[in-house]
Amino acid sequence: MSLDPDDLERRVHRALAELPAIRAPRTLRGRVTAAVSPAVVGHPWFTWSWPVQVAVVLVAAAAVTGVTWGWPMAMALIGGVVPESVQTGAGYVGSAAETSAVLVRLLQLTWMSVVAPIARIVLVLSLLLCAACAMCLAALSRVAPGGASQS
Amino acid sequence: MAARGDPSGPPGAAAFDAFVREYQDMVYAVAVRLLANEAEAEDVAQTVFLRAYERFADLDGQATVPGWLKTVTTHLCLNHLERYRARWRFFSEMGDADAPAFDAPSAAADPGQALDAATRRARLEAALRELPPHQRVPLVLFHFEQQSCDEIARVLGVSVGKVKTDLHRGRLALRRWLS
């Protein structure tokens, strides 16, 4: 075969032009569609837009905080109100109220003896873990292929 | 999602889906030939379409869409190759930039034997992917994307002379698979 550069260029160009067209894998379109889908449900948290991420974290923190500090107060309130109402009731209403009062007291004791001691620690650890994960993901997204530092 | 006529809102799902369907083969072909790796090419193609999505209202229906997509794909692939090479040097310190990026056993067969056209084309494609990036990338840009040596040199940040040398060496490596 000739080694003349121009001839070689023509031959290579012709041969490459005859190569069959490459088709994209079927998964590509699905991946793109999923990535641009406005629905966040079903997508990993770190792929959501940052306002949604912040909002979800705030709501979750508020919920955990509310349960941690609000539940004992609610139990105390209910526990104080229900027995009085039971005294004015009659028949099955009275017995149902008594049962519910016992259940409430039981839940209150369970909360104070089992859940409350560790709830605040779990809350703090969860928040620290979330922050650490967010920092790791932010770092990974910069160094991973297709990350911010590549563009 | 908004319709095409609403440039302020996100693109219409159906319109963008049709857009992806129309150009996915082109984008993927450019990426897979530049990167010589199907999985990485799919990742890059996805990123290209996500960027297109961000400015779909401006892009859709424009005659410059194929050129824009090819330019973005090329830049993302070159960035990817640069990062890959830097990491490889960092972790392995082998320093063999000319080593093939992956195995292509079909290209190692005896080229002297009689081959039908389809087999020869398949082996040419494999041989192209087996080339080191500094030869494969200029070849792909020159022969598939019809870029001049000057344009390739500018994109790659190297001299025109180096581009011509790499092109010639790449062609020499492919010549045994020419019909």
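Is one or more of the residues making up the stretch B:33-48 modelled with pLDDT under 95, part of a loop (DSSP other than H, G, I, E, B) and not assigned by TED's automatic domain parsing to the domain that holds residue B:131?
Within the stretch B:33-48, one or more residues are modelled with pLDDT under 95, part of a loop (DSSP other than H, G, I, E, B) and not assigned by TED's automatic domain parsing to the domain that holds residue B:131.
Scan the stretch B:19-40 for residues that are under 19 Å from residue B:142 (Cα atoms) and hydrophobic (A, V, I, L, M, F, W, C) and jot them down.
Passing the criteria: B:26, B:27, B:29, B:30, B:31, B:32, B:34, B:35, B:36.
From A:105, A:142, A:120, which residue is among the basic types (Lys, Arg), at pLDDT 80 or above and in a helix (DSSP H, G or I)?
A:105
Applying the selection to the stretch A:9-36, what residues are closer than 15 Å to residue B:170 by Cα and of a type outside the set (Lys, Arg)?
Those that are closer than 15 Å to residue B:170 by Cα and of a type outside the set (Lys, Arg): A:9, A:12, A:13, A:15, A:16.
Taking the stretch B:149-179, which residues are without any contact (Cβ under 8 Å) to a residue 24 or more places away in the chain and within 13 Å of chain A (Cβ to nearest Cβ)? If you could, list the steps in order and put the result at the bottom.
Keep residues of the stretch B:149-179 that are without any contact (Cβ under 8 Å) to a residue 24 or more places away in the chain, which gives B:149-154, B:157-162, B:164-165, B:168, B:172, B:175.
Scanning the stretch B:149-179 gives B:149, B:164, B:165, B:168, B:172, B:175.
Could we say that residue B:121 is modelled with pLDDT under 90 and either within 11 Å of chain A (Cβ to nearest Cβ) or part of a helix (DSSP H, G or I) (or both) here?
yes
Identify the residue in the stretch B:47-84 that is among the acidic types (Asp, Glu) and without any contact (Cβ under 8 Å) to a residue 12 or more places away in the chain and, among all such residues, is farthest from residue B:139 (Cα to Cα). Let's see the steps before the verdict.
At the first step, the residues of the stretch B:47-84 found to be among the acidic types (Asp, Glu) are B:54, B:58, B:60, B:82.
Subset that is without any contact (Cβ under 8 Å) to a residue 12 or more places away in the chain: B:54, B:82.
Values: B:54: 31, B:82: 17 Å.
Out of the qualifying residues, it is B:54.
The values are calculated or read from the model by the stated rules, or taken from the named source; none is laboratory data. None of the values given here were measured: they were computed from a predicted structure. Ideal geometry is used to build each Cβ from the backbone, glycine not excepted, and the neighbour counts take in all protein chains shown.
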